[in-house]
Number of protein chains: 4
Amino acid sequence: MTKRIRLGMVGGGKDAFIGAVHRIAARIDGEFDLVAGALSSTPEKARDSGAALGLEPDRCYDSFEAMAETEAARPDGIEAVSIVTPNHVHGPAAKAFLSRGIHVICDKPLTATIAQAEDLAEAIRQAKSLFILTHNYTGYPMIRQAREMIAAGDLGALRVVQVEYPQDWLTEAAEQSGENKQAEWRTDPERSGAGGSVGDIGSHAHNLACFVAGDRVEKLAADLQAFVPGRRVDDNAHVLLRFAGGARGMLWCSQVAPGNENALRLRVYGEKGGLEWSQEDPNYLWFTPFGEPKRLLTRGGSGARAAASAVTRTPGGHPEGYLEGFANIYAGAAQAIRAARDGRRDPVLDVLPGLEAGLEGMRFIDACVRSSQQDAAWVAL
Amino acid sequence: MTKRIRLGMVGGGKDAFIGAVHRIAARIDGEFDLVAGALSSTPEKARDSGAALGLEPDRCYDSFEAMAETEAARPDGIEAVSIVTPNHVHGPAAKAFLSRGIHVICDKPLTATIAQAEDLAEAIRQAKSLFILTHNYTGYPMIRQAREMIAAGDLGALRVVQVEYPQDWLTEAAEQSGENKQAEWRTDPERSGAGGSVGDIGSHAHNLACFVAGDRVEKLAADLQAFVPGRRVDDNAHVLLRFAGGARGMLWCSQVAPGNENALRLRVYGEKGGLEWSQEDPNYLWFTPFGEPKRLLTRGGSGARAAASAVTRTPGGHPEGYLEGFANIYAGAAQAIRAARDGRRDPVLDVLPGLEAGLEGMRFIDACVRSSQQDAAWVAL
Amino acid sequence: MTKRIRLGMVGGGKDAFIGAVHRIAARIDGEFDLVAGALSSTPEKARDSGAALGLEPDRCYDSFEAMAETEAARPDGIEAVSIVTPNHVHGPAAKAFLSRGIHVICDKPLTATIAQAEDLAEAIRQAKSLFILTHNYTGYPMIRQAREMIAAGDLGALRVVQVEYPQDWLTEAAEQSGENKQAEWRTDPERSGAGGSVGDIGSHAHNLACFVAGDRVEKLAADLQAFVPGRRVDDNAHVLLRFAGGARGMLWCSQVAPGNENALRLRVYGEKGGLEWSQEDPNYLWFTPFGEPKRLLTRGGSGARAAASAVTRTPGGHPEGYLEGFANIYAGAAQAIRAARDGRRDPVLDVLPGLEAGLEGMRFIDACVRSSQQDAAWVAL
Amino acid sequence: MTKRIRLGMVGGGKDAFIGAVHRIAARIDGEFDLVAGALSSTPEKARDSGAALGLEPDRCYDSFEAMAETEAARPDGIEAVSIVTPNHVHGPAAKAFLSRGIHVICDKPLTATIAQAEDLAEAIRQAKSLFILTHNYTGYPMIRQAREMIAAGDLGALRVVQVEYPQDWLTEAAEQSGENKQAEWRTDPERSGAGGSVGDIGSHAHNLACFVAGDRVEKLAADLQAFVPGRRVDDNAHVLLRFAGGARGMLWCSQVAPGNENALRLRVYGEKGGLEWSQEDPNYLWFTPFGEPKRLLTRGGSGARAAASAVTRTPGGHPEGYLEGFANIYAGAAQAIRAARDGRRDPVLDVLPGLEAGLEGMRFIDACVRSSQQDAAWVAL
């Protein structure tokens, strides 16, 4: 193992949720050293958060612009940066680093608006550094396995895709309490985008379905609701899907379904068999070859295939979870960055979500909002 | 207990599936005696099937018309009849008995076509005898409980209804083998109606959702598919639902989803909580009051309410199944028929599915087909 | 189908639990007609209970002796009798009918004491009529399948048997309230026998393990407890098992395990694979061939074998339950009784529990009590 | 956050399993820096393994003795060491570091023999540095919660403890293939100790039960088997337990139960309620207050208590797994070590397993072996 990759972070100060997740994901395999941060747009909070993480004071920045400029000039400056801010900041922040040759690992969705997305896309295409989007659920070993099985034809031609992501944390008007920062920005169209549940979690469901199916959604018809009075964005969505390859599907996402925490679930059926997976029990993958008994494939177990084994750290029956799945994105990013040091393109980039996944996600969110405005008319992505 | 109710049956000869189910359901509580049958339209098969069931030879009829006429004239003639034929026969058969004052217990859907349904509806409205439709899933104790909880406001105003009924038995072209009678008539629009999966199982899902929600579907948008080449009716359907009371929902039914046997599943979410139920594990009802841990209510257990207890035969942990749920429709029918003997209307009729449920079901099937023909446009029921 | 079998019943009057279960089980397949009863030792209750069941007044008896004598003399007298009394009555009642050529279907355990059991055994051996013991859990289709798979060598030589039957209904001193008749007699050594939980449910667990393994327990070491102050019999038992064929096992039964209703569960492991089954979800059987993924076999599904199919009434995914499993014992009894009418011995008797299972059960209970009295020393059965 | 804790490691070179787990656990919270290692007793392997982990060449040692002596003399020497060798090395290695004031984090069981354990215990008692034993399952948040609930009296006085740990990886004679290092040393009494399954996994089950119950096993009766021909230690064990506080229990561990990966499962029942937990689905804890419906408590969910929240990193529904549970031991160790830097004893040491848990574990293994030699006689721990 050569030197660890020097990493910076934008966002993720105290009280943030996803920043801490990124940091653990970056640490699990020992591939990164977090050495710099613009952890908050409030200078004092940025400093305190950095100190709490053991950063040197002179590498705790007040803005991502300052961090990009200064770090790019240091001989020991960061090689990669994690962007974990609200969505509307993704674009400008990413551009600041990409333009200076620093690799970007960015939280999803790509941006808050389609216009921002296209602007960022242009920057990514022109950059020499890598852009990885943390659609973290694609990092689960049994999701990698499902994708591999479908690509290998184990299900035959796909017919039906059912995907859902219900939660319940916005069942009441949590964003109006003044105490829930997460609820506030995630229901604010300025910071989050026009999609509420479709942007925050529907985009994950859409991405996961496409990733596993090896296909893209071509058209959709969406019925969005904002059930909680005063809510500015949708908190529940029902979507009909038509895939380019001929499969049809449904997508449900909700933040108002009591009893659901993060119940992302994917089911795919083809001419020859079916696969079923649930994020809350991610070490299992149900596989039914048509006409045979259902089989419970386990991560690390006898039915595990190469794609799962490649991202497996513990034996079967010793469960891995959300952080390990997330860490598989970081592990892949590390592998790609090390190859980039040597001027190579690592094939792991074929599996890692990046710009294309990001753009598809933005098109999905936009299409949902437009379709719903037309009373669930079909809209092309 | 006074005398058992004398019962006849139309359809349900050898090789039929649902006829045997009706007979067991009628026997479980000892309320009926099967004494006559027009079990097949083939005379020899009618006789043999009757003999196998211990019927007297002179009460094994070649046609339902002959049975209706003859039995109505006997002093010990049948008081009720079960109709378990393919759908297109439901209407004429039911009319023959209703017009003679014989109570009818009819398999679902109501008929094969809307026109037949309206014709039958007229006959039912004018009849003095009862008409019960065996939407048998409404007989499950925990479904009765779910309905009661929602009516009592345990979930608050309903927001989201998710219902699905996937199967896999038509994943291949079973109807073309010449050996699968069930597959043949159920995919034949003449005998089954214009709906395939939506008629056979989608109608169950629709009925169950409405029964539990205590509401009706006002509009829907349906995307139907016939995935198997040569299939004459849909074998998969994705439907968006809008309920009169404001709830929104999704309905998925499929006969091509490998790994699903009869995976009817209902989930209902309201302002205050959520309920989840699965037909394959029917003794459980998951209840989450928002903000509290999920609770596993069991039939016969400490969380069981009056509506469940009233139709419960065994203690908690001794599972009841499909036949007991079906028998609860027959038990209700018996109760209503005994009351009718005395000229009373038994309140169990408020729970039992009958004409209204049947008409709603036909409207559902028809709306699905029409919507799909218009590329999933919204259609009113 | 020839004439139904004329059935009588001893015990099972109002407020009884298991009598109603036997009656439903006898009705499900339409093989029996209940025509006589000595339903209670209280004459008035016997009459009222009989009337409620539609029995003729002259066939409602005050005692089993009177019923045996009178029915045996009638040309249309009962051919078989179900005995559903407390355990200490099993012996005398069974003898009264066996000695008159009437077949006996008796609830388990065989008797209340070993001495009673030996006495009854002698009577059974000398009788010309059949004796069936309703160890009803052996009637579940997937239990029949498990037995068949093991007999076929699918697991190889057996090594480990884990069986348990926890309940929670006696967590508190229910027998002291004066309102719980079931709790009263089942904790009364005079009526129930020296075993409490080991007699009531441990005997089921023992029977099930032996039935499926195709083996017998040779020695055991038992640690019995009566946790509830004042309880006269054990309410929890931990037992080490050694099978004749070399397998070792553990048995746990409890009536004081909150959260358990009737959680009978069996797991069997051999050199080549493992099987797991739970009574509360009886339509599933988990099968793991060593080194392959776990498979979920379902009753009526693609993995079902002949032994399961033979006792299956509904398709896969339409769950059968406790009553159908119980009914399979009655269906087997009917088959055996019909053969006996013709002087034949039906091979179903090789599967149905009878005297041998009953004696093994009594030896099990007795060995548990004796072992525990010796501080869990090994005791031979 | 002040400086990371400088960590060394003994054992855990290439091909080892548990060493990699310890390293990830040490990294997850960013509290440790691995800076030195005696990773293998083969010098070349030690060097290569160290290089692969990014250790400086002069801190890759050929023996733990060399590492202890050299590191203790360095100003930047290690403050703590992880010992992840086969069991017989635990004692001498731990003593080498403890005697030099270096904190020890040691894999379980404490040692290979009781004599070694007593020798080590003496050293630990005289040392000024800390000794933590990685009974990692005690690190799971819902296990911490279960312990807290029981201590708070939520179950009332405990009555029954059921614990089991079945695996299947030694179903065949894997240790005889020459290719499975894990199987080799874990079935070698010289390196592993007299207990096979009881030492490797039974000791985990015993520890977990005691940890949660807040009690100790006073006596046991054990029936051990070595089912696989030629195996030198037990591969399956059935154990009756008597706790000091009056509860009774059973423990089953097995390495020959096909279909079980790491199915550690704990169930505890008291006068007022029951708790059930499974290691393979560790984010759930089932809680049944007697007489109420079962509740599904989730890590991070509404039923989570302080003890669980304190060791929780992700929200409910985003599962944590084995590595996070393991990391909670390391996080506790870090907290205790930081306090020790300041001369304080951190109260986390009341929760972390250490010498006492280690001695109890050794007594458990020894008692199992002795009891089994006496045909499962009761033996005091």
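Each value in this text was obtained by applying a stated rule to the coordinates, not by laboratory testing. Given the structure is predicted, the values throughout are model-derived calculations rather than measurements. All Cβ positions, glycine included, derive from the backbone under ideal geometry; neighbour counts span all protein chains shown.
Some points to look at:
- Look at A:Ile337, D:Ile132 and count the other Cβ atoms within 10 Å of each Cβ; fewest to most, that gives A:Ile337, D:Ile132.
- Peptide C:26-38 has a mean of 2 when you count, residue by residue, the C-beta atoms of other protein chains within 10 Å of its C-beta.
- Cα-based Rg / Dmax (Å) for region A:188-286: 14.4, 47
- Relative contact order (percent, whole number), chain C, Cα cutoff 8 Å, 6+ residue spacing: 19 percent
- Charge dipole (Cα centre; +1 on Lys/Arg Cβ, -1 on Asp/Glu Cβ; no other charges) of region B:5-129 amounts to roughly 160 debye.
- Each copy carries a label point for C:Phe17 at 7 Å from Cα toward Cβ; from one copy, the others' points are 3.5, 4.4, 4.5 nm away, ordered from shortest.
- The Cα atoms of region D:5-129 define a convex hull whose projected area, averaged across directions, is 7.0 nm².
- Placing a label point 7 Å from Cα along the Cα-to-Cβ axis, C:Gly214 is separated from the same position in the other copies by 4.4, 5.0, 5.6 nm, shortest listed first.
- Beta bridges by DSSP in region C:5-129, antiparallel share as percent, to the nearest 5: 0 percent
- Loop-located trypsin sites (Lys or Arg not before Pro) in region B:336-365 whose Cβ has at most 15 other Cβ within 10 Å (DSSP): B:Arg344, B:Arg345
- With respect to the axis relating copies C and A by rotation, the chain C residue whose beta carbon is closest, plus that distance in Å, is C:Arg295, 3.
- Averaging 1/r over every pair of different alpha carbons in chain C and inverting the result gives a Kirkwood radius of 21.2 Å.
- Those trypsin sites (Lys or Arg not before Pro) in region D:80-146 that DSSP places in a loop and that have at most 15 other beta carbons within 10 Å: D:Lys128
- Beta bridges by DSSP in chain C, antiparallel share as percent, to the nearest 5: 60 percent
- Most fluctuating residue given options D:Pro43, D:Pro75, D:Pro282, as computed from a GNM of chain D linking Cα atoms under 10 Å: D:Pro75
- Estimated FRET transfer efficiency (B:Glu122, B:Asp375; beta-carbon r; R0 41 Å; 0.05): 0.75
- Set of lysines near D:Lys108 by C-alpha distance (under 16 Å), chain-local residues within fewer than 8 positions excluded: D:Lys95
- Put a dot 7 Å past the Cα of D:Glu172, heading toward its Cβ, do the same for A:Ala73, and the two dots end up 6.6 nm apart.
- Counted by Cβ distance under 13 Å from D:Gly196, the other residues give a net charge of -3, where Lys and Arg count +1 and Asp and Glu count -1.
- Region A:233-282 and region D:83-160: distance between their alpha carbon centers, rounded to Å: 45 Å
- Estimated Rh, the protein assembly as shown: Kirkwood, alpha-carbon pairs, angstrom: 34.7 Å
- Value of relative contact order over region A:5-129, rounded to a whole percent, pairs C-alpha under 8 Å and six or more apart: 24 percent
- Distance-filtered residues of region C:119-150 - backbone nitrogen under 19 Å, label point 7 angstrom along C:Ser99 Cα→Cβ: C:119-132
- Net dipole in debye of the protein assembly as shown [+1 Lys, Arg Cβ; -1 Asp, Glu Cβ; about Cα centre; nearest 20]: 0 debye
- For the protein assembly as shown, the mean residue ellipticity at 222 nm estimated from helices alone is -10500 deg cm²/dmol, where every DSSP H run of n ≥ 4 contributes -39500 (n - 2.57) and the total is divided by all residues, rounded to the nearest 500.
- Hydrophobic, long helices, defined as DSSP H runs whose alpha-carbon span along the helix axis is 24 Å or greater and whose mean Kyte-Doolittle value is at least -1.0, occur in chain A at A:322-341, A:355-373.
- Each of B:Ser40, B:Ser192, B:Ser309 was scored by other Cβ atoms within 10 Å of its Cβ. Listed from fewest to most, they are B:Ser309, B:Ser192, B:Ser40.
- The mean number of partner chain beta-carbon atoms within 10 angstrom of a residue's beta-carbon across peptide A:48-57 is 1.
- Structure note, pairs A:Lys272/C:Lys294; C:Lys128/C:Lys219; A:Lys3/D:Lys45: Cα-Cα distances above 23 angstrom occur for C:Lys128/C:Lys219.
- Residues whose placed amide H lies under 5 Å from that of B:Glu218, excluding near-sequence neighbours: B:Arg242, B:Phe243, B:Ala244
- Cut-off 11 Å between beta-carbons: net charge of the residues surrounding A:Leu133, Lys and Arg +1, Asp and Glu -1: -2
- When D:Thr138, D:Thr70 are sorted by how many other C-beta atoms sit within 10 angstrom of their C-beta, beginning with the fewest, the order is D:Thr70, D:Thr138.
- Förster-model FRET efficiency, 30 Å R0, A:Arg344 and D:Ala20, C-beta, rounded to 0.05: 0.70
- Ranked by the mean number of other Cβ atoms within 10 Å per residue, highest first, peptides C:311-317, D:300-306 order as C:311-317, D:300-306.
- Mean per-residue shielding of peptide A:308-320 is 6, counting Cβ atoms of other chains within 10 Å of each Cβ.
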